[in-house]
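Undergrad: My questions will all concern the structure given below.
All of the numbers you see were taken from the coordinates with simple rules; none came from a lab. Quick caveat: nothing in here was measured; it's all calculated off a predicted structure. Cβ: placed from backbone, ideal geometry, glycine included. Neighbour counts: every protein chain shown.
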Amino acid sequence: MFIKYALLSFSMFYFRQSIKREIELRIIEKEKFDTENAFLRAQINPHFLNNTLNFFFAKSLPLSQELADGIMTLSEIMRYSLEIDKDDHMTLIDEEIGHINNVIKINQLRFNHKLQIDFKIEGSTQHVRIIPLILITVVENILKHGNCTDKNYPVKIFLNINEADSYVYLNTYNLKKKGPKELSSGIGLNNIKKRLIHHYNKNFILNITESESDYLLDLSIPFSPVGNQNKSVTKIKLLEQLHLQTIKPQPYAT
């Protein structure tokens, strides 16, 4: 009887230790994800940054209206990036679109308004919520690695909000930069994939098609209207069987 109860006690002890260890591992994994996500965000006091940029804005007004507008746009970009929810909670897609427009605007100033970017939106954006900084990361990737100044082949960014199936579709097309490639850590795209998996599980599609001359991306994610839940996995499997709209001009002649 002693041996029987001793074995039972040891079994219960190791079972409890195993459960405790599993819980600790899950907590560590979540903390690791949160740390990585936080690392990818600028660790600057947003109030200090905002006050400094406002000071620069006031000083630049007498010198150049364009410079002042650029500083104000940069202030709005940094404010959105630093103060957006850090727990991957939803943000209004209108705010993300506003952020994209600001990033394009500031880059137009950098390149003397020579960027050829065709950004179109279709569907109602009202009350549509998605996780933040996904769409903008795609756009920033284009601005960094794409040839954005060719008038014959402008960058195409098409955002479709489909209320019928509660999905947001992002299709982008751009030529690649010629010559030496910029060094890239790949953090942007890898971060997108990790955050999409973390938040949407398998309920999203991310397809990338590229050649030596061009790059095409198709992304579809469920959006959350107020009071609605994300669509089921069954819905996305159905979507996988459909041909998503692709924006691509005539083949690029080298």
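Undergrad: Per 0.36 nm of contour for each residue apart, how much would the distance between N152 and K194 grow if the chain were fully extended, relative to their Cα-Cα spacing?
TA: The N152-K194 span can extend by a further 11.6 nm.
Undergrad: How would you rank 113-120, 21-28, highest first, on the average number of other Cβ atoms within 10 Å across their residues?
TA: Highest mean packing first, the order is 113-120, 21-28.
Undergrad: Quick one: which of 122-131, 140-149 comes out on top by average Cβ neighbours within 10 Å, and what's the full order, highest first?
TA: Going from most to least packed, we get 140-149, 122-131.
Undergrad: Follow-up question, since we're still on this one. Between N147 and residues 5 or more places away or on another chain, which pairs have amide H atoms under 5 Å apart, with H built 1.01 Å from N, and which residues are they?
TA: L175, K176, K177
Undergrad: Can I ask one more? Multiplying the sequence separation of D165 and L67 by 0.36 nm and subtracting their Cα-Cα distance, what value in nm do you get?
TA: Value of the extension gain: 31.0 nm.
Undergrad: Put a dot 7 Å past each Cα toward the Cβ at Q126 and R110; how far apart are the dots in nm?
TA: About 3.6 nm separates the two model spin labels.
Undergrad: My understanding is that a pair violates if its Cα-Cα distance is over 31 Å; which of K176/K202; K59/K176; K120/K194; K59/K156; K120/K144 do that in this structure?
TA: K59/K176; K59/K156
Undergrad: Quick query: amide H of F223 versus all other amide H atoms, modeled in the peptide plane; which residues come in under 5 Å with a sequence gap of 5 or more or a different chain?
TA: Placed amide hydrogens put Y167, V168 under 5 Å from F223.
Undergrad: If you don't mind, another one. Modelling each spin label as a point 7 Å along the Cα-to-Cβ direction, I'd like the R21/S213 distance in nm, to one decimal.
TA: Here the answer is 5.8 nm between the modelled labels.
Undergrad: K59 versus N101, label points 7 Å from Cα toward the beta carbon: distance in nm?
TA: Spacing of the two 7 Å Cα→Cβ label points: 3.0 nm.
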